[in-house]
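Asker: Sharing a structure, written as structure tokens. Questions coming.
The values are calculated or read from the model by the stated rules, or taken from the named source; none is laboratory data. If you're wondering where the values come from, they're calculated on a predicted model, not measured in any experiment. Here the Cβ positions follow ideal geometry from the backbone for every residue, glycine too, while neighbour counts run over all protein chains shown.
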Amino acid sequence: MQRQPSRTELLQGTLDILILRTLAGGRAHGHAVARHIRQTSEEVLQVETGSLYPALHRLEARGWVAASWDLSEKGKRARYYRLTALGKKQLGVEQSRWEMFSRAMGLVLRAAAKETQ
């Protein structure tokens, strides 16, 4: 029997795909990752530092991202993250899952709306 993911695991998976998708556009430091997610979601998704860095470390431990130190555009030392080949593959898997989930949610919500009319 397959174990169902807990609420925390679902939230982590959501953040994971957001980070992987952001890094698909090129390497970035943590603050830039959070800013990109906030801006591309039209300010709806706000990733806090306390969630972002543990997620980046988790993704690095899984081999989905790699990190290296470099100077930021402001001349400060920063840790930059980039998507690995394994991370690109995982992004494809996660994106397919989200598209299937989103489609299923849409079907259920539209059916529920029709039932109440």
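Asker: Name the residues in region 9-42 that are out of contact with any helix residue (DSSP H, G or I) (no Cβ under 9 Å at 6 or more places or on another chain), at pLDDT below 95 and assigned to a loop (DSSP other than H, G, I, E, B), would you?
Answerer: Answer for region 9-42, where residues must be out of contact with any helix residue (DSSP H, G or I) (no Cβ under 9 Å at 6 or more places or on another chain), at pLDDT below 95 and assigned to a loop (DSSP other than H, G, I, E, B): just GLU42.
Asker: Further question: State which residue is farthest from ASP16 (Cα to Cα) when the search covers only region 32-77 and only residues that are of a type in the set (Gly, Ala, Ser) and surrounded by 13 or more Cβ atoms within 10 Å (Cβ to Cβ).
Answerer: Within region 32-77, the first condition is being of a type in the set (Gly, Ala, Ser), and the residues that meet it are 32, 34, 41, 50-51, 55, 61, 63, 66-68, 72, 75.
Still in the list and also surrounded by 13 or more Cβ atoms within 10 Å (Cβ to Cβ): 32, 34, 51, 55, 66-67, 72.
Details: ALA32: 15, ALA34: 12, SER51: 10, ALA55: 7, ALA66: 14, ALA67: 15, SER72: 23 Å.
If we take residues in region 32-77 being of a type in the set (Gly, Ala, Ser) and surrounded by 13 or more Cβ atoms within 10 Å (Cβ to Cβ), then SER72 is farthest from ASP16 (Cα to Cα).
Asker: While we're looking at this one, here's another question. Can you name every residue in region 78-89 that is of a type in the set (Gly, Ala, Ser) and surrounded by 13 or more Cβ atoms within 10 Å (Cβ to Cβ)? Write out each step before concluding.
Answerer: Within region 78-89, the first condition is being of a type in the set (Gly, Ala, Ser), and the residues that meet it are 78, 85, 87.
If the condition is that a residue be of a type in the set (Gly, Ala, Ser) and surrounded by 13 or more Cβ atoms within 10 Å (Cβ to Cβ), then ALA78, GLY87 are the ones that fit.
Asker: Follow-up question, since we're still on this one. Would you check if there is a residue in region 86-105 being in contact (Cβ under 8 Å) with a residue 12 or more places away in the chain and over 14 Å from the mean Cα position of the chain (by Cα)? Step through it out loud before you land on a result.
Answerer: Of the residues in region 86-105, the ones in contact (Cβ under 8 Å) with a residue 12 or more places away in the chain are 86-88, 90-91, 94-95, 98.
Applying the additional criterion that residues be over 14 Å from the mean Cα position of the chain (by Cα) yields 86.
Yes, the conditions are met somewhere in region 86-105.
Asker: Might you check whether a residue that is among the charged types (D, E, K, R), touching a residue at least 24 places away in the same chain (Cβ under 8 Å) and part of a helix (DSSP H, G or I) occurs anywhere in region 47-59?
Answerer: Yes; the residues of region 47-59 include at least one that is among the charged types (D, E, K, R), touching a residue at least 24 places away in the same chain (Cβ under 8 Å) and part of a helix (DSSP H, G or I).
Asker: Which members of region 67-90 meet the condition of being assigned to a helix (DSSP H, G or I) and closer than 18 Å to HIS57 by Cβ? So that I can check it myself, show each step before the final result.
Answerer: So the first thing to find is which residues in region 67-90 are assigned to a helix (DSSP H, G or I), and the list is 85-90.
Answer for region 67-90, where residues must be assigned to a helix (DSSP H, G or I) and closer than 18 Å to HIS57 by Cβ: LEU86, GLY87, GLN90.
Asker: A follow-up question, please. Looking at TRP64, TRP98 in this structure, which one is hydrophobic (A, V, I, L, M, F, W, C) and touching a strand residue (DSSP E or B) at 6+ places or on another chain (Cβ under 9 Å)? Working first, answer last.
Answerer: Numbers: TRP98 fails: touching a strand residue (DSSP E or B) at 6+ places or on another chain (Cβ under 9 Å).
Testing whether each residue is hydrophobic (A, V, I, L, M, F, W, C) and touching a strand residue (DSSP E or B) at 6+ places or on another chain (Cβ under 9 Å) leaves just TRP64.
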